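First up is the structure itself, then whatever we jot down about it.
Please treat every number below as a calculation from the coordinates, not as lab data. None of the values given here were measured: they were computed from a predicted structure. Glycine gets a Cβ as well: all are built from the backbone with ideal geometry, and neighbour counts include every protein chain shown.
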Amino acid sequence: MNSISSGLTAAFSLLAGGNALLLDVVARSLAVSGLACVTASFVGLLFGARLAVSRFKGRSAVLALLNTSLALPSVVVGLVVYLLLSQSGPLGFLGWLFSFKAMVLAQTVLVLPVVMALVRQTIEDADVKHGEQFASLGASRLMRSSILLWDERFALLTVLIAAFGRAISEVGAVMVVGGNIDGFTRVMTTSIALETSKGDLPMALALGMVLLGVVLLLNVALGLIKRLVLKA
């Protein structure tokens, strides 16, 4: 019990003192996950909404494949991206392996199915409700998807926060393609795993608190945005 309390005390000291190593890792984590989520969200919103209002042969198989990809382990995604970026892989000429760019790519691949699947479901449910109205107006698929994206913007914000949480909390993919190199590719989750194995619990606890705090702040911000918009 004393070791836990002393570890927490030391962790709070690291946070209060603005430890340089801790801040470097946190900044890199936010940058990697932020860029990955922006990229995945842009693609996922477009294709997810289009898939929601489209009907074509083989759609059921595409949806089954998309939903299955939600359960992909992050280490498997990391392995696939590793093979693509390795010297013998099709993208080896980029020289991205064990770099910041490789981690962004891996998290983008990991998060994209989450965004696409949830956006597709949200927009499709809304499309069913307003189907007769769209039919009477003669709205095209592009117009329907655009209108529904705007109407469901609050629900989609929740989707994007869930996607960011998935990205910033994963450890397998970034570990495989980034290598957990100190000062270059080390992020919060890989640092927590490393510091715990080394027995440096204060640093691991401090990073864990920051990780939880980031997700909490995002959810609080989403709630405030909803309140301000509804009041307006």
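Fully extending the segment from Leu30 to Ala221 would add 67.1 nm, taking 0.36 nm per residue of separation and subtracting the current Cα-Cα distance. Of the two radii for region 2-231, the radius of gyration is 1.05 times the Kirkwood radius, both from the alpha carbons; that is the Rg over Rh value. Residue-wise HN-Hα couplings along region 171-181, as the Karplus relation 6.51 cos²θ - 1.76 cosθ + 1.60 with θ = phi - 60° gives them from phi, are 10, x, 5, 5, 5, 5, 8, x, x, 6, 7 Hz; Gly and Pro carry x. Exposure proxy for Leu79, Leu142: other Cβ atoms within 10 Å of each Cβ, ordered fewest to most, give Leu142, Leu79. By the beta-carbon count within 10 Å of each Cβ, the least crowded to most crowded order of Met188, Met175, fewest first, is Met175, Met188. Applied to region 48-54, the Karplus parametrisation 6.51 cos²θ - 1.76 cosθ + 1.60 on θ = phi - 60° returns per-residue 3J(HN,Hα) values of x, 5, 5, 5, 5, 9, 9 Hz, with x for Gly and Pro. Panel order for Glu195, Glu170, by other beta carbons found within 10 Å of each beta carbon, from fewest to most: Glu195, Glu170.
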